[in-house]
Amino acid sequence: MGNLQRKQGKNNEAYDLFQEALTIYEKNSSSLEADIPYTLTSLGIIKYNQGDYDGSLNYFNRAVNIRKKFYLTNCSQIILSLNWIAFIHYQTQSYDQAIEFYEQCLQIAKANAVPGQLTTDEFLGKLSGIKRAQLQYESSLAYELNCLLMREKFLPPNHQDIGKSLSNIGLCYEHLNQRKLALDYYKRALFVYEQCPLATHDRWTIELKIEELSIEMNQFNI
């Protein structure tokens, strides 16, 4: 019932139902491994939807502490909680805390990587984005280059995510005043986007970047 209420946008009613369930589960030790962290996560999502970020973080932190204790063989559940915590810190511009928790996600994903499966690029990309938000373009570039390596290893060469990494690398180089490298990566990104039917907006954006950067380079004879 709580999930149904939440999906219908009835957050107050959903919160009451999940809180009631949590009270029952906490009296039953057999619920500790699964029911309690799931319920805490649901309460965290509701608090996030209500704009109560501190309350949301409290629930997610409680959930991750239980999952770290009982879910050592199920890293996806731990990552789920950590990812939420990182995301909320990012939304509130607490960038250092967001980096801390995305790094935890990254390290767990690396340690539990399945051969032939792409698992770390998501967190490398998020870390790169935070560093750009902090105007730390060299750090962003390092993350994004690693992200590109992972994506090129596992994804087809015309995948839209490869284009996004190439574009982000170009952006970093542009802010580092390495315009020739920036233009090169923008052109590589455009080549990928031209092969992606769903990347129309990305293609238009990168075409504009290439045009603007080319004009600037011609003006300064770069």
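Bear in mind that the values in this text are calculations on the coordinates, not laboratory data. Source: prediction; values computed, not measured. Methodologically, a virtual Cβ is constructed for each residue, glycine included, from the backbone with ideal geometry; neighbour enumeration extends over all protein chains shown.
So the values come out like this:
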read-out	value
Unit charges on C-beta of K, R, D, E only; dipole of the chain, Debye	340
Contact order relative to length of region 113-222, as percent, for alpha carbon pairs under 8 angstrom and 6 or more apart	20
Listed peptides 207-216, 57-66 by packing density, highest first (mean Cβ within 10 Å)	57-66, 207-216
Point-to-point label distance, residue 138-residue 93, nm (Cα→Cβ direction, 7 Å offset)	2.5
Estimated FRET transfer efficiency when R0 is 25 angstrom, pair residue 198-residue 153 (beta carbons, to 0.05)	0.65
Highest to lowest packing among 79-92, 114-127, scored as the average C-beta count within 10 Å	79-92, 114-127
Rounded to the nearest 20 debye, dipole of region 113-222 from Cβ charges on Lys, Arg, Asp, Glu	160
Highest-MSF residue in the chain out of 102, 71, 143 [GNM, Cα springs under 10 Å]	71
Options 170, 143, 119, ranked by Cα towards positive dipole end of region 93-222, top entry (Cβ charges)	119
Across 69/110; 47/153; 47/164; 110/131, pairs whose alpha-carbon gap is larger than 28 Å	47/153; 47/164
Three-way shape label, region 1-111, alpha-carbon gyration tensor, a/c 1.5	oblate
Helix 53-70 vs. the chain, principal-axis angle (Cα, 0 to 90°, nearest 10)	80
Cα-based helix-to-principal-axis angle, 95-111 vs the chain, degrees rounded to 10	90
13 Å cut-off, amide nitrogen to a point 7 angstrom out along residue 214 Cα→Cβ, residues in region 174-191	183-184, 186-188, 190-191
Folded to 0 to 90 degrees: helix 137-154 orientation relative to the chain principal axis, Cα	80
Neighbour-count order for 30, 140, fewest beta carbons within 10 angstrom listed first	30, 140
Cβ-based net charge around residue 128, under 13 Å, with every Lys or Arg adding one and every Asp or Glu removing one	-1
Projected label distance in nm at residue 103 and residue 34, using a 7 Å step from Cα toward the beta-carbon	3.5
Distance from region 153-183 to region 43-117 (C-alpha centre basis), Å	28
